Amino acid sequence: MGLLDGFLRGINPYAMAFMNMRQVWLAERALADPAAVPPRPVTMHFVENVARDRGRNNLPTANEVAAVFVGEGGLPPININLVIYDTNPIDQQWRTQFIPAGSCHSDPMLNPLFFSYGEAGWHNGMLQEGPRRNNVRSRNTLREFACYRLAIRYEENNDTRHQLFSLIHQGRSLLHMYVCDQYVKMKSNNLNYIRQNQRDLLTEAYQGLVDHINRNLNIDPMTVSRRIILPSTFVGSERYNKMCYQDAITMVRSKGKPDLFIKFTCNPRWPEITETWRFTALQMTGPTWWPALFNRKLQELLGDLTVNCVFGNVAAYVYTIEFQKRGLRHVHILIILAEDCRFRTAADVNDVVCAFLPDPATDSRLHDCVKSHMIHGPCGTVNPQCPCMVKNSCSKDFPKAYAKKTVTGRRPGGTCERS
């Protein structure tokens, strides 16, 4: 830490001009000791945000960097400012300055190791360059700048492809912090645009919704400040979630009930990931390019299901991507097959689903895949430290009773059973 501090103070203009948190604390002690008064408290406040929907916003168990913000209604704050102190006091008082998140100085101040020489970060006036610049789109967005910084670059030489060294991709937890900062700033910019363009978004059409809310909450409309309505295009809002739900239910009403439920999970043992680990210092906390790899494989899977029709002609499908508590992504896919391709008997189910251990002598690769990914445990008394163990019993109710044959029908509750 001493070497890094001396290195940055020699080349970084921000480290020369401003103080860090410890220097502010020492300065307050130096002012308070001669006057024999207690120093002013210098603290960092962390706010715990308790999620309302525990099923959707429950706390993760992975040791990762996260962004915690407090705003109106639990949304990201509109204005994010940085507080800085000059190194040279005026009349023994340090001048406090506020730098907005849209300033070119915010990125090098928040991430001095990634911007060692104080290079300018993204700002609101950054212009497009090259053929991408036109009369309609002249400025560079924060998302484009962040994608440019996070892009993985390669060098080809003599028919070989080598990944160029990137300081930002070797940051580990600092890289995650940088991504979280950029994400919060992007959300803040989007919310600021929605706030300033309510008329262009035709929010007057939602006046009935506002009246309904005021009537149910028994709030006087004259005492309530101006409401900002989030459109359904804002990902993560309540109206966006309801729109997706209504679209899925409409699909079921039109095409029928789903026939297949498929879960596809990001696997840290994919060859594309394990081969890269041999040449990089990335850890299992989830590099930034894993989502792109997962999405690529997801599109190939959807192509096999909908275009190649491995299970038959598909009438409709819907999927949602979620995050596991271990930090990786997985997707839930619902497939509605065409009327002539649906599974109606146990024999139809057996054509696509089977449960057995392949012969390791003839199908060694398939045997290893099933053994690694399709077998639960061991748990119970054999392995009491298994993650599924809760109060000395398996939370997934394993081992389950063996079924000699496939059974299709109706349970007493009315749901279909296919074991």
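General remarks:
Condition check ((1) at pLDDT 85 or above; (2) open to solvent by 80 Å² or more (accessible area, probe 1.4 Å); (3) closer than 20 Å to GLY121 by Cβ; (4) more than 21 Å from the chain's Cα centre (by Cα)) across all residues:
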position: GLU155; (1), (2), (3), (4): no, yes, no, yes
position: ARG172; (1), (2), (3), (4): no, yes, no, no
position: HIS176; (1), (2), (3), (4): no, no, yes, no
position: GLN182; (1), (2), (3), (4): yes, no, yes, no
position: ARG195; (1), (2), (3), (4): no, no, no, yes
position: ASP200; (1), (2), (3), (4): no, yes, no, yes
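- Just so you know, in the range 158-169 the residues that are open to solvent by 70 Å² or more (accessible area, probe 1.4 Å) and of a type outside the set (Lys, Arg) include one that is nearest to SER116 (Cα to Cα), and it is LEU167.
- Filter result (farther than 14 Å from SER106 by Cβ and of a type in the set (Lys, Arg)) within the range 172-194: ARG172, LYS187
- Pairs linking a residue in the range 1-18 that is within 14 Å of PHE115 (Cα to Cα) to a residue that is at pLDDT 75 or above and open to solvent by 70 Å² or more (accessible area, probe 1.4 Å), with Cβ atoms under 6 Å and 6 or more positions apart or on different chains, are ILE11/TYR117; ALA15/ARG9.
One line per residue, one yes/no per condition, for (1) surrounded by 16 or more Cβ atoms within 10 Å (Cβ to Cβ); (2) at pLDDT 90 or above; (3) more than 19 Å from the chain's Cα centre (by Cα):
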| residue | (1), (2), (3) |
| --- | --- |
| GLU300 | no, yes, yes |
| CYS309 | no, yes, yes |
| LYS325 | no, no, no |
| ILE336 | yes, yes, yes |
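- Among the residues making up the range 232-246, those that are in a helix (DSSP H, G or I) and either free of Cβ contacts under 8 Å to residues at least 12 places away in the same chain or farther than 26 Å from GLU339 by Cβ (or both) are GLU238, ARG239, TYR240, ASN241, LYS242, MET243, TYR245, GLN246.
- Summed over the range 107-121, the residues that are touching a Cys at 6+ places or on another chain (Cβ under 7 Å) and farther than 16 Å from GLY171 by Cβ give a count of 1.
- Per the listing ASP340, ASP359, ASP348, the residue uniquely surrounded by fewer than 12 Cβ atoms within 10 Å (Cβ to Cβ), closer than 30 Å to TYR402 by Cβ and of a type in the set (Asp, Glu) is ASP359.
- Selection of the range 119-153 for residues being within 25 Å of LYS187 (Cα to Cα), open to solvent by less than 60 Å² (accessible area, probe 1.4 Å) and of a type in the set (Gly, Ala, Ser) yields GLY121, GLY125, SER138, ALA146, ALA151.
- Selection count where residues are touching a Ser or Thr at 6+ places or on another chain (Cβ under 9 Å) and either open to solvent by 60 Å² or more (accessible area, probe 1.4 Å) or part of a loop (DSSP other than H, G, I, E, B) (or both), scope the range 314-323: 1
- Screening TRP122 with (1) modelled with pLDDT of 80 or more; (2) of a type in the set (Phe, Trp, Tyr); (3) more than 16 Å from ASP181 (Cβ to Cβ) gives one miss only, at (3).
- Residue check, ASP368 open to solvent by 50 Å² or more (accessible area, probe 1.4 Å) and at pLDDT below 90: yes
- Some residue of the range 71-79 being at pLDDT 65 or above and either open to solvent by less than 90 Å² (accessible area, probe 1.4 Å) or out of contact with any Gly (no Cβ under 6 Å at 6 or more places or on another chain) (or both): no
The values are calculated or read from the model by the stated rules, or taken from the named source; none is laboratory data. On a predicted model such as this, the values are computed, not experimentally measured, just so you know. Please note: Cβ atoms are built from the backbone with ideal geometry, for glycine as well, and neighbour counts cover all protein chains shown. Each accessible area value is taken on the protein alone, full model and side chains, heavy atoms only, with ligands, DNA and RNA left out. Shrake-Rupley method; radii C 1.70, N 1.55, O 1.52, S 1.80 Å.
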